[in-house]
Amino acid sequence: MDRAEQNVLAQKFASLHNPKDLLLLCNAFDGGSAQIIAAHPGAKAIASASYAVAVVSGTADDDLTLEDNLAGVRGIIAAGLRATPKKPVTIDLQDGYGDRLEGAIEGVIKLGAVGCNIEDFDRQTNALLSIEEAASRVALAKKVAARCGVPDFVVNARSDALFQGSQAGMDSVIRRGKAYLAAGATTVFVWGGPSGRGVSSEEIKRLVSEFGGMLNVSMSLREGFLNKNEIQALGVARVSMGPGLYMKVLDAYSSAVNGLLGA
């Protein structure tokens, strides 16, 4: 696929981010899972989940290198490009790998991706980036993508400020999100964290209002959390599963193994 065609696919992906028509992304963890998503007529695009890609690669999310991530998502991207019609693929790039952000963007574009996630939590320093630095990294990602011939590359800028030591809470998230959108992000991904805090419906309403609906939230598949219809009613542009579907697969696999070998 040449870069002009790839940018058309990026434009298509960007257009799917519409608060009036929720984009639901099923997160793949390898080429096989991506093929299942790509073959489903209801799937508009495909996303990777770094946690699941890491585990499949034999490592932990925090230890996933850029090289391992690129190797792990190659089959995911290929599945989207083999679909008829082609389906956009966006890749979870964690925090962008420090000073290797340019290489990360170049790498996923070379494989055929048209979007990425970038976090504002620096895994090396174990601290939130300043708003200015995080926004500049969003802008850099867009600049590199344009240089590679995909100016409409979609950046989903994740903020971890709700649970990573920010005293300002939602006010900090809103300031950050607005800065990321101004820097070129298509959407802001506000995550409640790994402890199960989640993002409440009232918080989502406020974020939708502040970001003009250009919000990504993660949908938990566990009981007691907002479902797809409830999230859509709040005016969110995009929802993803993270590693939730991968966990479902592991549960089913574990059950099958126990059935064969004994619990």
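Throughout, read-outs are computed from the coordinates displayed, never taken from laboratory work. Everything numeric here is computed off the predicted structure, so don't read it as measured data. Here the Cβ is made from the backbone with ideal geometry for all residues, glycine too, and neighbour counts use every protein chain on show.
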Distance between modelled label sites at E5 and A60, nm, 7 Å Cα→Cβ extension: 4.2
I'd like the per residue volume of the convex hull spanned by the Cα atoms of the stretch 1-86, given in cubic angstrom. 100
Rounded to the nearest 500, what is the 222 nm mean residue ellipticity of the chain from helices alone, with -39500 (n - 2.57) per DSSP H run of 4+ residues and division by all residues? -14500 deg cm²/dmol
Under 24 Å from K143, Cα to Cα: lysines that are on another chain or at least 8 residues apart: K12, K87, K110, K178
Pick out the long, greasy-scoring helices in the chain: whole DSSP H runs spanning 20 Å or more along their own axis by Cα, mean Kyte-Doolittle at least 0.5. 66-82, 244-261
Simple Cβ-charge dipole of the chain, Lys/Arg +1 and Asp/Glu -1, about Cα centre, in debye nearest 20: 840
Positive-end residue of V56, V73, A4, charge dipole of the stretch 1-137 with Cβ unit charges: A4
Arrange K12, K87 by Cβ neighbour counts within 10 Å, fewest through most, would you? K12, K87
Label-point separation (nm) for N227 and R206, each offset 7 Å from Cα along Cα-to-Cβ? 2.7
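Please tell me the relative contact order of the chain in percent, rounded to the nearest whole number, where contacts are Cα pairs under 8 Å and at least six residues apart. Each step should come with its number before you reach the end.
On the way: 499 pairs, mean separation 54.6, N = 263.
It rounds to 21 percent for the chain.
Of the beta bridges DSSP finds with both residues in the stretch 3-247, what % are antiparallel, to the nearest 5?
For the stretch 3-247, the DSSP antiparallel bridge percentage is about 10.
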Ordering 246-256, 1-11 by per-residue average of other C-beta atoms within 10 angstrom, highest first, gives 1-11, 246-256
Spatial separation of Cα centroids for the stretch 192-263 and the stretch 16-50, in angstrom: 14
Around A47, under 14 Å between beta carbons, what's the net of Lys plus Arg minus Asp minus Glu among the other residues? +2
Run the quick spin-label model on E67 and I36: label points 7 Å from Cα toward the beta carbon, then report their separation in nm to one decimal. 3.1
Rh (Kirkwood, all Cα-Cα pairs) for the stretch 161-237, Å, reads 12.7
Which of (i) 19.3; (ii) 19.9; (iii) 18.4 gives Kirkwood radius over Cα pairs in Å as computed here? It is (iii)
